[in-house]
Structure formats: structure tokens, C-alpha cells
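Okay, structure first, notes after.
Bear in mind these aren't lab numbers, they're just calculated from the coordinates by the rules spelled out. Values in this document were obtained by computation on a predicted structure and should not be read as measured data. Cβ sites come from the backbone with ideal geometry, for glycine too, and all protein chains shown count toward neighbours.
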Amino acid sequence: MVIVTYFMVKSFLIIIISQMFVFAGEQIILVIGDDYNSTKAKLFCFEDGVQVFDTFEVNVGARGFGHGVGKTQLLGTKMEPMKYEGDKKAPIGIFTLDFIFGYEENLKFKMPYTFAQKDLICVDDSNSDFYNQIIKKPKDMPKSFEEIRRDDGQYELGIVVGHNKKQLKKRGSCIFIHVQKEKDAPTSGCTSMTLEEIKKIASWLDESKNPILLQITKFQLEEALKLYPSLKF
């Protein structure tokens, strides 16, 4: 019995320590809102547990935050809001950062890059097979989609957030980090900032460092710091 307990404890400690080493090697964009109704948040960038830039103030969803669908689910209760299609809430959770897109054709980053041509769209029709995907316009167009090559410049440079990658129906789509419309203009669920700030982040991101977005309110901060104990801010 003592031997079994010893090996169980040892195995548990190995898992925890291994996770800490994995997390320490990641690039983490941490976005923290004051509460579920916040339309503004603070953004921190960490690499190997060390903050690499000054903190940014960013815009988030016009209706605050709701729990999203990410690579790791954070604890929530039935009383806490969830993220759904069209609700204008920014997703709470831990999400991969998948690739960068922009209006210039030959930009070079340490991340995959997609040139935003005029026929590029992101599908927000939850009944479509292409729901929550960025694709070229197909012959049979989905009922609802978003142009990536916008006239207002908000997608001049953007980062795709891996929210709802399993395409769960009506759980939200087309979540990006992108250029703000105006200084204090909330978004439809994305995270926005100045072009200069997003250029800095895009140039820093490195696919080999497994970059993630950890987006939370202060209610999830304690849980987040238990998952990522090396973060100091």
C-alpha cells in the first residue's frame, strides 16, 4: 500500500513538473479584463515566464467576456457567461495562436503567414461545413461570412486565435487579434489594439515556442497562475 502510494505521488509530481517545464517554454499572450462586462483589458506578453514588452491596453468584446472553447477549459459555473455566435463576447480560455494574416503579400514572420486576398473569407454560418474557417470563396457561398480584406483596415495585420477549432455549432467563430477600429472601440468578440502594437507582437511570435492566448477576467486569475506558475507581473 505504501509502495503504491509512493509511486502514485511520484507520478503526479512528474506530471506537474513536466507541465511547468512545457509552460515555461511557451510564448504567452495574457489578456486580463476586470470582470465579465469589461470592454477593455490589459495585455501582457511572456516568454519563458518573463514579460517581454510593456503592458498594452486593448479592446475586447462589446458585451464583455464569456467562456469559450479552447485547448484547455478553465473552470466555470452555471452562473458564468458562455461564448456563443454573434453575442459580441470575447472568449475566456486558453487558445492556440495559429497563423498571421495581412494585406501585404510578402511579409516574413516566425509564424505561418496568409496574404489576405480579395476572395478570402471567414465563415460564421454555423450550418456550413466551413464554419469557423478562413477559406477562399467557394462556388456555393455560405449564408454568412466575413471578408478578410476589409476596407477599414482592421485586418491590415491579424493573428488567428484557435477558438472553437472543433467547429461546435453556434459556439463562436472568426476570433482574431487585430487592429482597433478606434482607440476605445469595443469589438464583436476579438481583441484589438494599435497597428504598431500588433506589429510588435507579430514580429515576436515564434511557431517553435507554441504561442498561446490566455484570455481571462480577474475571476480566473488565481486558476491561471496555478497553471502557469512561472508568470510574474
| note | With R₀ set to 45 angstrom, the calculated FRET efficiency between the beta-carbons of D119 and E222, to the nearest 0.05, is 0.50
| request: With an 8 Å cut-off on Cα pairs and a minimum separation of 6 or more residues, tell me the relative contact order of segment 126-233 in percent. | output: 20 percent
| note | Given unit charges at Cβ for Lys, Arg (+) and Asp, Glu (-), the dipole magnitude of segment 20-227 about its Cα centre in debye, nearest 20, is 600 debye
| Cβ-defined net charge surrounding D125, 11 Å radius [Lys, Arg +1; Asp, Glu -1] | -1
| task | Could you tell me what percent of the DSSP beta bridges with both partners in the chain are antiparallel, to the nearest 5? | result | 65 percent
| Cys with no candidate disulfide partner in the chain (beta-carbon separation under 4.7 Å rule) | C45, C190
| Most mobile of F176, F109, F95 per a Gaussian network model of the chain (Cα springs, under 10 Å)? | F109
| request: List, in order, the whole-Hz ³J(HN,Hα) value for each residue of segment 88-101 obtained from phi through the Karplus relation with A = 6.51, B = -1.76, C = 1.60 and θ = phi - 60°; use x for Gly and Pro. | output: 6, 9, 7, x, 8, x, 10, 10, 5, 10, 8, 6, 9, 10
| message | Cα atoms only: what Rg and Dmax, in Å, come out for the chain? | response | 18.5, 68
